[in-house]
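Here's the structure we're looking at; comments come further down.
What follows draws every value from the coordinates through simple rules; no lab data is involved. Owing to the predicted nature of the structure, the values given are computational and were not obtained by experimental measurement. Here the Cβ positions follow ideal geometry from the backbone for every residue, glycine too, while neighbour counts run over all protein chains shown.
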Amino acid sequence: MLEVDFQKKLPDFTLTARFAVREGEILVLSGPSGSGKTTILECLAGLQKPDRGYINLRGKMLFDKAEKINLPPHRRGIGFIFQTYALFEHMTVKDNILYGAARANGRKKREQLLLEVMDLLGISHLQNRYPTQLSGGEKQRVALARALVSEPVLLLLDEPLSALDRNLRERLRGELKQLHKQWGIPFVLVTHCRCEEQLASKVLRPLRFQARVIWTEAEAPQGHESG
């Protein structure tokens, strides 16, 4: 289980995130641009640091302001799919995926994981191509493969379908749902499009209250505006 309760001051408002994601759930954070969605993912991944609170994943404290705990990204066991996919253009598909594999596993296990994940995502035939030779859907599958070979216990997805056309979005939405079922780890996905809420076990939307934006499962404070 992922348990989150933190605050971070941003230029225009103070962001509060307070929620839990159980094993086998997909949490969708759905809201407009500028409501703190990506900041939440980056705090979970260790790319940004909250100002207070804690982040606990499977009983392991990733961040705790009071206890001065702030694990670096590589020690959190979290996969991150960036909105732009962040593939290395000078590297083949195979090398891009292997870049995400844990070096501690040894070469043999990394190669085995590579084959398994490429087969799962149907991209084995692309392994010697470069990102510039791939379609948008193929790039997304490569980015997913790179995240999965790190054997994460949580997967974060930053608007993973936003750059794709409608037909491809619909197909890949189904593939993500199937992948989640096969992999069996919690997903946290952010989007500004309510059509992606079909993926969700539960959906959170931002609550605006004076100079605060709150993402929580708790009852909204009096006088809030839903984002």
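Multiplying the sequence separation of residue 108 and residue 175 by 0.36 nm and subtracting their Cα-Cα distance, what value in nm do you get?
21.3 nm is the gain from fully extending residue 108 to residue 175.
Rounded to the nearest 500, what is the 222 nm mean residue ellipticity of the chain from helices alone, with -39500 (n - 2.57) per DSSP H run of 4+ residues and division by all residues?
-8500 deg cm²/dmol
Hey, of (1) 7, 26, 31, 21, 10, 4, 1, 0; (2) 8, 32, 35, 19, 5, 0; (3) 8, 34, 39, 16, 3, 0, which did the structure itself give for P(r) over Cα pairs in 10 Å bins from 0, in percent when calculated?
Evaluating P(r) over Cα pairs in 10 Å bins from 0, in percent on these atoms matches (2).
Ranked highest first by the average count of other Cβ atoms within 10 Å around their residues, in what order do 110-118, 142-150 fall?
Highest-to-lowest ranking by the protection proxy: 142-150, 110-118.
Taking region 86-151 as the region of interest, what is the percent of Cα-Cα pairs per 5 angstrom bin, listed from the shortest bin to the one with the maximum distance?
4, 21, 35, 24, 13, 3, 0
Which of the peptides 152-158, 87-93, 65-71, 188-194 is most tightly packed, and how do the rest follow, judged by the mean count of other Cβ atoms within 10 Å per residue?
Highest to lowest by the protection proxy: 152-158, 188-194, 87-93, 65-71.
If each residue's Cβ is checked for other Cβ atoms within 10 Å, how do 99, 130, 85 rank with the fewest at the top?
Sorted ascending by nearby Cβ count, the order is 99, 130, 85.
Once you list every other residue whose beta carbon is under 14 Å from the beta carbon of residue 48, what net charge do they have if Lys and Arg are +1 and Asp and Glu are -1?
That sum, taken over residues with Cβ under 14 Å, equals +4.
Do you know the relative contact order of the chain, to the nearest whole percent, from alpha carbon pairs under 8 angstrom that are 6+ apart?
31
Would you mind counting up the charge near residue 123? Only other residues with Cβ under 13 Å from its Cβ, with Lys and Arg at +1 and Asp and Glu at -1.
+1
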